[in-house]
Amino acid sequence: DLYEECLDLQRKSSDKPPIAQSVQAILKKLPPMNLHVITQLIQFLYRVSTYSDKNKMVPKNLAVCFGPDLLRAKEETLTSVMKDMPVAIDFLAFLISNFESYFSLYGSLMRTE
């Protein structure tokens, strides 16, 4: 389950950014259309964050708004949401902050089948 992989990666690297190869390995597992959509969305959120001096929407704030919809477990309980959501938000904030590093190679992430 990619949701769990994202959370596990973020938990393992709570004191440092997630490892580049691990993030790219997760992204490569997405179906091509999902990868395209998430790339476009993260690019948009990154661009919004570049105006944070005016709109106060730093990557963490954007992740708080979008994280609950973008990173969800297949089955959720109130306890699991309360435990997992801060980790999911940190993972999404990391992706937004590092858009240029992880998604600039978008073409290389696309699988050729």
*Using a cut-off of 13 Å between beta-carbons, work out the net charge of the residues near Leu62 (Lys and Arg +1, Asp and Glu -1, Leu62 not included).*
+1
*With the dipole of the chain worked out from charges on the C-beta (+1 for Lys and Arg, -1 for Asp and Glu) around the Cα centre, which of Ile38, Asn98, Val23 lies farthest toward the positive end?*
Asn98
*Prolate/oblate/rounded call for the stretch 32-84, Cα gyration tensor, a/c under 1.5 rounded*: oblate
*What shape does the stretch 58-97 take by its C-alpha gyration tensor, where a ≥ b ≥ c are the square roots of the eigenvalues and a/c under 1.5 counts as rounded, a/b above b/c as prolate, and the rest as oblate?*
prolate
*Sorted by packing (mean other beta-carbon atoms within 10 Å per residue), highest first, where do 21-32, 82-93 land?*
82-93, 21-32
_Is there a quick way to get the dipole size of the chain? I mean about its Cα centre, with the Cβ of Lys and Arg at +1 and of Asp and Glu at -1; what is the value in debye to the nearest 20?_
280 debye
*Of Tyr3, Met57, Val87, whose Cα points farthest to the positive end of the dipole of the chain (charges on the beta-carbon: +1 Lys, Arg; -1 Asp, Glu; origin at the Cα centre)?*
Met57
_Could you check the spin-label model distance between Ile38 and Glu4? Points 7 Å from the Cα along Cα→Cβ, value in nm._
1.7 nm
*How many nm separate the modelled label positions at Asp69 and Asp53, each set 7 Å beyond the Cα in the direction of the Cβ?*
2.9 nm
*Over the chain, what is the mean sequence separation of C-alpha contacts under 8 Å (at least six apart), divided by residue count, expressed as relative contact order in percent?*
38 percent
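Coordinate-derived values only; no laboratory data. Because the structure is predicted, anything quoted here is derived from the model rather than measured. Every residue, glycine as well, gets a Cβ built from its backbone with ideal geometry; the counts of neighbours run over all protein chains shown.
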